[in-house]
1. Only one of these is under 33 Å from the mean Cα position of the chain (by Cα), at pLDDT 95 or above and crowded, with 21+ Cβ neighbours inside 10 Å: V399, V385. Name it.
2. Run T687 past the list (1) modelled with pLDDT under 95; (2) open to solvent by 20 Å² or more (accessible area, probe 1.4 Å) and report the number of the one that doesn't hold.
3. Going by the structure shown, is D448 under 21 Å from the mean Cα position of the chain (by Cα), within 24 Å of T215 (Cα to Cα) and loosely packed, with under 15 Cβ neighbours inside 10 Å?
4. Considering region 267-286 alone, what residues qualify as being under 23 Å from V585 (Cβ atoms) and either open to solvent by 50 Å² or more (accessible area, probe 1.4 Å) or touching a strand residue (DSSP E or B) at 6+ places or on another chain (Cβ under 7 Å) (or both)?
5. Test R303 against the stated conditions and say whether it is surrounded by 20 or more Cβ atoms within 10 Å (Cβ to Cβ), in contact (Cβ under 8 Å) with a residue 24 or more places away in the chain and in a helix (DSSP H, G or I).
6. Considering only region 537-605, give the helices (runs of 4 or more DSSP H) lying wholly within it that have at least 1 residues that are free of Cβ contacts under 8 Å to residues at least 12 places away in the same chain.
7. Could you check region 615-629 and list, in sequence order, the residues that are in contact with an Asp or Glu (Cβ under 7 Å, 6 or more places away or on another chain) and surrounded by fewer than 23 Cβ atoms within 10 Å (Cβ to Cβ)?
8. I'm trying to understand the selection: among the residues of region 493-506, which are aliphatic (A, V, I, L, M) and open to solvent by 10 Å² or more (accessible area, probe 1.4 Å)?
Amino acid sequence: MDSLQGKVALAHVHTLVAAAMALTTLTTVSSSAAEFGPLNPFFAPSPLPFHAPPFDRIKDADYQPAIEAGMAQQAAEMRRIAENSAAPTFENTFVAMEKSGGLLARAMSAFRGVSEANTNPALQSAKAALAPQTAAHEDSIYLNKKLFERIASVYDRRAALRLDPEARRLVEVTYREFVHAGARLSDADQAQLKILNAEAATLSNEFSAKLLAATVAGAYSAQDRSALDGLGEPQLAAAALAAKTRGTAGYVLPLQNTTQQPVLDSLSVRATRQTVFENSWRRAELGDANDTRAVIVRLAQLRAQRAKLLGFENHAAWKLEDQMAKTPQAALAFMEALTPAATAKASGEAADIQAAIDAQNGGFQLAAWDWNFYRNQVRNTRYGVNEAETKPYFEINNVLENGVFYAAGRLYGIRFQERKDIPVYQPDVRVFEVIDADGKPLALFYCDYFKRDNKDGGAWMSAFVRPSRLLGDLAVIYNVANLPKPAAGEPALISFTDVTTMFHEFGHALHGMFANTRYPTLSGTTPARDFVEFPSQFNEHWAIYPAVFEHYARHYQTGAVMPAAMAEKMKAAKNFNEGYDLTEVLAAAELDMAWHLLPAGAPPPDPDAFEKQALSKSHLDISAVPPRYRSSYFSHIWDSGYSAGYYAYLWTQMLDDDAYQWFDDHGGLSRANGDRFRRMILARGNTEDLAAMYEAWRGKPPTIDAMMKYRGLAP
Ligand SMILES: [Zn+2]
């Protein structure tokens with residue numbers, strides 16, 4: 001059940017700067033702000049339904065001036081709040097802040113959407129130019145002493161003010177964010193912090209640009225079709241198309257962001273597999289312009305220095321303070337509890353695979369690049385299913401409408417209507433209006449599923465508009481993925497892994513569109529990382545739920561339901577390879593923690609030696625089971641807000657299995673169960689302490705028992 005390539009756009013920064021991204025180089029606000037005027041499509045709120053971004057009118061050159069003007073506008077709004085002569089109140093401070101930054105939010109959210117999913121040199125250069133400005137803008141808010149004094153004044157009197165629970169939560173969350181960002185530091189320390197923030201933002205952007213180039217350059221090319229033996233006709237056609245798109249002859253197999261590559265499932269020539277794997281493993285360590293190692297070492301050092309300045313032992317301690325786990329020690333202890341069962345299961349899987357190799361007189365030791373190829377053979381022998389047989393039952397549009405949407409309809413009573421009149425940023429993008437159970441419009445949902453060379457790797461969800469009752473906004477949400485695009489006229493037949501990714505990202509989308517909060521800061525997917533992957537992973541369970549599965553798993557030509565025997569085998573195979581899947585994630589999560597437990601002033605480590613040592617220390621140094629991401633291409637932790645947070649994928653697996661256990665105990669898929677979950681979890685955003693919110697719904701704290709059971713790890 002592999003859905004960990006995903007990321008969700010986290011509002012780990014305050015909504016004031018909700019659209020702020022880890023961007024980059026120091027320049028002052030350019031004169032382009034002066035050019036901003038009524039002709040710019042961001043000048044006024046979008047006139048389209050749901051305030052959808054007017055992509056038919058937006059040109060690449062419109063973003064930067066709109067964002068710069070948006071930052072200037074919000075800075076002025078913040079100055080007015082900070083310098084208000086009236087005594088600080090909840091209304092004139094917190095509500096005023098929540099209402100600020102309208103222009104910035106609409107320009108930045110559209111910009112983030114296109115620059116991650118459909119970038120080009122103009123957008124990349126705007127992104128580089130905006131990065132330091134965005135960091136400086138955030139600092140100008142978080143480090144504004146007068147503003148913080150007003151926040152602290154209301155915070156100190158919060159008990160006496162008789163605020164409603166959501167308002168009180170807003171006061172507490174905002175206060176903590178300001179303190180977390182350095183609001184209580186001396187002027188000298190704040191000046192130092194600003195320098196560190198700016199350099200960190202620049203380095204993150206540098207990492208991201210290098211990695212994109214490294215990943216494109218790491219593609220495997222072949223002139224000779226025989227090197228690609230084992231690939232099916234659709235994969236070969238896609239490889240030929242990829243070559244054509246790049247203006248070369250022959251075949252190109254583009255790299256995905258993970259260590260293992262989907263084509264390694266099928267390639268039967270061992271030398272090709274090894275080359276593809278090594279291209280992936282070494283993509284950002286070739287000593288060329290795309291080598292990221294110096295960048296990540298410097299970034300880890302900077303983060304440690306910043307943590308020290310803010311009064312923490314290391315970056316991880318600083319990052320986890322406001323998470324559900326609360327300390328790195330708690331996260332590490334959780335991982336240590338899982339590691340023995342995971343690696344024991346992986347060793348058993350390795351033995352089965354070696355036996356398959358030996359039975360064919362392979363004459364070699366299992367290596368990482370052999371795992372998926374022989375794993376499939378073991379699975380086929382044991383469960384008699386392979387993807388070539390199952391894919392015809394997973395046509396992408398059918399999966400979306402009769403699977404993903406259908407499950408949400410059964411649980412929450414929502415309906416979907418395609419809107420061809422809403423402009424999109426790329427012709428493959430589809431838009432649906434989501435209609436609530438009471439017949440009222442709820443949200444717009446965009447999906448952009450096919451891989452492109454100008455798209456970031458993986459899959460993610462974010463919002464063009466975040467819903468809030470204060471601003472009267474409904475949600476405009478999108479899902480992006482990198483599923484293989486079929487040749488023209490061919491159906492998009494996807495793997496069950498890809499099906500799961502669609503359910504996963506749509507779980508985030510539900511969390512975003514059901515948000516029923518007054519204040520944007522507390523809306524939707526704003527909670528902690530170790531909570532935010534819970535609704536998405538929980539939603540994956542419905543992909544295999546019988547009433548849902550039978551509804552969408554139908555042959556794309558005949559409409560026949562997947563034969564029961566095949567479906568049974570596929571379901572029985574669910575926990576197959578779980579040892580590998582869990583171990584590769586544990587290994588990546590341990591690497592993430594190791595980098596972010598470094599104390600300030602530690603000598604810069606050699607990345608490769610450091611990586612080896614971290615894996616060995618946590619008993620996860622298994623050469624056939626490499627980490628899901630290597631440090632040098634671990635974009636989650638260097639440029640996506642998951643630093644010291646990758647463990648959250650496993651923590652939230654504990655939550656999602658524990659939650660599914662509740663559904664299982666209460667009759668499974670039903671409107672009553674769905675509505676209760678929506679009301680008590682999905683609609684609540686960050687309006688309550690997350691552990692308390694979970695326990696109120698579940699009736700008890702989460703445990704790893706259901707996770708061990710559902711993943712076949714229980715003894
Ligand atoms: Zn996710």
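The values are calculated or read from the model by the stated rules, or taken from the named source; none is laboratory data. Fair warning: this is a prediction, and the values are worked out from it, not measured in the lab. Counting neighbours? That spans all protein chains shown, and the Cβs are built from the backbone with ideal geometry, glycine included. All accessible areas refer to the heavy atoms of the entire protein, side chains included, with ligands and DNA or RNA removed. Shrake-Rupley method; radii C 1.70, N 1.55, O 1.52, S 1.80 Å.
1. None of the other options fit; the residue is V399.
2. Result: T687 passes all but (2).
3. So D448 fails the test.
4. Within region 267-286, V276, E278, N279, W281, R282 qualify.
5. yes
6. Filter on region 537-605 gives 546-552, 564-572.
7. Once the filter is applied, which keeps residues that are in contact with an Asp or Glu (Cβ under 7 Å, 6 or more places away or on another chain) and surrounded by fewer than 23 Cβ atoms within 10 Å (Cβ to Cβ), region 615-629 yields L615, S618.
8. L493
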